[in-house]
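The values are calculated or read from the model by the stated rules, or taken from the named source; none is laboratory data. From a predicted model like this one, the values you see are computed outputs, not experimental measurements. All Cβ positions, even for glycine, are placed from backbone atoms using ideal geometry, and neighbour counts span all protein chains on display. Side chains included, ligands, DNA and RNA excluded: accessible areas come from the protein's heavy atoms. Shrake-Rupley method; radii C 1.70, N 1.55, O 1.52, S 1.80 Å.
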Amino acid sequence: EQVPGIRVRIAANHWALAVETHAGMFPHADHDTANISQAEPRRYPRTDILWASPECTNHSQAKGRRRTDAQPDLFGDVLPDEAAVRSRATMMDVLRFAEVHRYRAIVVENVIDVRDWILWPAWILGLDNLGYDHQVVYLNSMFAQQAGPPAPQSRDRLYVVAWLRGNPAPDLT
């Protein structure tokens, strides 16, 4: 909301404490505690912009080492954790919602390692197929604020900024 003309309309998250905290900062916005992967996009109002922060832990190298006690499959490989696979798939919810709402712009924030996800090329193609142009921007969180003190952490982030084809590209400089 520090950008002129931008106002948060609705925020959703599966974690009640996150929703409660956000509601305290943005009491004028609607809030929903919901598993977005299970939610019907039409349940939510259309907005001009979607800001999405899909689950990033299972894309990140910071998550930790692969379990050494996991049961290998017939070929000696360790099968993926089903919950990790489902959490990485929350990136697909961005496409699901964009297909229904046809946002003028989309911003997706995640860890840089998301580009190593096996479905990353398909995900980018999904944006393209839905009629979006895009640009990937990399930014460290401690340099994200133009005014005030820097963030109390240093985290590299990836932002995919997408806009409906035919609209002018945003100035990301």
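Numbers for the structure displayed
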item	result
Whichever residue in region 87-126 is charged (D, E, K, R) and under 26 Å from R43 (Cα atoms) and, among such residues, is most open to solvent (accessible area, probe 1.4 Å)	R104
Top-ranked residue in region 33-46 [being closer than 21 Å to Y103 by Cα and in contact with a helix residue (DSSP H, G or I) (Cβ under 7 Å, 6 or more places away or on another chain); ranked as least open to solvent (accessible area, probe 1.4 Å)]	P41
Cross-chain or 6+ apart pairs with Cβ under 6 Å, region 141-170 first and open to solvent by 80 Å² or more (accessible area, probe 1.4 Å), then of a type outside the set (G, A, S) and at pLDDT 95 or above	R165/D133
Matching helices (runs of 4 or more DSSP H) fully within region 66-171 where at least 1 residues are in contact with a strand residue (DSSP E or B) (Cβ under 7 Å, 6 or more places away or on another chain) and either modelled with pLDDT of 85 or more or not aromatic (F, W, Y) (or both)	90-101, 120-129
